[in-house]
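Colleague: Here it is, the structure, as structure tokens.
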Amino acid sequence: MPDVFADLVGQDEAVETLRRAAASAAAVLRAAAVPPATEAAGDEFDATAEEGAGAGAVDPGAGMTHAWIFTGPPGSGRSVAARAFAAALQCAYGTGCGECPGCHTTMTGTHADVRLVVPEGLSIGVNEMRALVLRAASTPSGGRWQVVVISDADRLTEAAGNALLKAIEEPPPRTVFLLCAPSTHPDDISVTIRSRCRVVPLRQPAADAVAEVLVRRDGVTPDVAQWAAAAAQGHVGRARRLARDPEARKRREAVLAVPRRLTGVGAAFDAASALIEAAEAEAAASVAETDATERAALETALGAGGTGRGAAGAMRGAAGQLKDLEKRQKSRATRAQRDALDRALVDLAGFYRDALTMALRAPVAPVHTDTAALAEAGAQKWDAEGALRRLEAVLECRAAIEANVKPRIAVEAMMLSLWKG
Ligand SMILES: [Zn+2]
């Protein structure tokens, strides 16, 4: 296995920060292993600067701390960075060698002291957070750190955020929280949590860096990698899917056919329906397998199909659990639909951005090289102003859905604007 930071594309600055912090955290552990000359302070990180001389190799500017926020646009690698940092903290030999059991088990998701929270629905609830905070307070079994990674901290409910805040305000000495969020805007993360965390900003990786990793790691041919990296607009996971999954390419082509199809009011409504239904189908396919597996597992656990005495009673009690599962699955499906629709809207925005840059004769490469001719025709017809209005219509639609406007209503309004200009 290569170095744990190898998959973090185009983020040299962040990697440098995280390596220094991991080295500082390792020094804290070494210092703790040596009996301190003076009485131990409450917070080990605060104590390192003074103890540094005795323990050696402590970098006071490295800023290891108990709580971190990784921010950046979708696809920039927030959760990849958090997991790599977790591995670096558990690394037995260095700052993320990728070879030792600490690195290896963290990267494969089996380390006993690393917990990864991935919300399946639209939010992370308070009960889940309380249970997590409780377990995170226990002594690390591997003797290093308890690490909690929360992959979408912007989806915390208010109550869950408060439970987390309490833990961050009075952190157990060996617990580290790694939060991931699109930004540190108060809509994404509460100001009080933000004030307790060190922020690691990730940038949108350059297309060349994304293409390079597709070639090196995934064995994609260079020309396909270049195309996919540009089309994915800096989203590494999306680029990999486009390069490797023919279905993903087909869905993208259908989205990019929308501008051509907008010939009247009826066509605009048809295009809206098609876009919504495609997102629903994509989401349904992505959750179907997990849903069926979960349901089968629960039914087996509850003894469904049993004929013995008590089986009927057990099934009656089980109805509640099945209902809970269905609720969770429905919430996950809704999230998957929104994500699929948002990907489609980002593709569409890329098309109108291309038309805009062409109308302005801006010397930048198009996002979608395969529809560049169509974007050029749009640029001729609409001028920069018309292209900009259409781009704004797509971005407004994304914002409206994010603000909980019903997707169909938002998409229909967008299609009408795209048609009328
Ligand atoms: Zn290691």
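All of the numbers you see were taken from the coordinates with simple rules; none came from a lab. Everything numeric here is computed off the predicted structure, so don't read it as measured data. Here the Cβ is made from the backbone with ideal geometry for all residues, glycine too, and neighbour counts use every protein chain on show.
Colleague: Positive end of the charge dipole of the chain (Lys, Arg +1 and Asp, Glu -1 on Cβ, about the Cα centre): tell me which of Leu178, Pro363, Pro259 has its Cα farthest that way.
Modeller: Pro259
Colleague: Using only helices, what value at 222 nm comes out for the chain when you add -39,500 (n - 2.57) per DSSP H run of length 4 or more and divide by the total residues, to the nearest 500 deg cm²/dmol?
Modeller: -20500 deg cm²/dmol
Colleague: Quick one: 3J(HN,Hα) in Hz for segment 381-396, Karplus 6.51/-1.76/1.60 with θ = phi - 60°, rounded, Gly and Pro as x.
Modeller: Running phi through 6.51 cos²θ - 1.76 cosθ + 1.60 with θ = phi - 60° gives 6, 9, 6, 4, 4, x, 5, 5, 4, 5, 4, 5, 4, 5, 5, 5 Hz.
Colleague: Could you rank the peptides 276-288, 403-415 by their average count of other C-beta atoms within 10 Å per residue, with the highest value first?
Modeller: Descending mean neighbour count gives 403-415, 276-288.
Colleague: Moving on to the next point. For the chain, with only Lys/Arg (+1) and Asp/Glu (-1) charged at the beta-carbon, what is the dipole magnitude about the Cα centre, in debye rounded to 20?
Modeller: Here the size comes out at about 1000 debye.
Colleague: Also, quick follow-up: Given the peptides 236-242, 196-202, arrange them by the average over their residues of other C-beta atoms within 10 Å, most packed first.
Modeller: In descending order of packing, they fall as 236-242, 196-202.
Colleague: Can you tell me which aspartates and glutamates have their Cα less than 18 Å from the Cα of Lys381? Leave out same-chain residues fewer than eight positions away.
Modeller: Straight-distance partners of Lys381: Asp354, Glu392.
Colleague: Sticking with this one: With each label point set 7 Å from Cα along the Cα-Cβ vector, what nm distance links Lys250 and Ser123?
Modeller: Result for the modelled spin labels: 3.8 nm.
Colleague: Roughly how far apart, in whole Å, are the Cα centres of segment 198-270 and segment 336-402?
Modeller: 14 Å
Colleague: In whole Hz, with x marking every Gly and Pro, tabulate ³J(HN,Hα) for segment 100-107 from phi via Karplus 6.51 cos²θ - 1.76 cosθ + 1.60, θ = phi - 60°.
Modeller: For segment 100-107, the Karplus-derived couplings read 6, x, x, 5, 4, 5, 5, 5 Hz, x marking Gly and Pro.
Colleague: List, in order, the whole-Hz ³J(HN,Hα) value for each residue of segment 248-256 obtained from phi through the Karplus relation with A = 6.51, B = -1.76, C = 1.60 and θ = phi - 60°; use x for Gly and Pro.
Modeller: 4, 5, 5, 5, 5, 4, 4, 5, 6
Colleague: Something else about it: Would you pull out the residues with amide H under 5 Å of Phe70's amide H, same chain only if 5 or more places away, H placed 1.01 Å from N?
Modeller: Leu179, Cys180, Ala181, Val200
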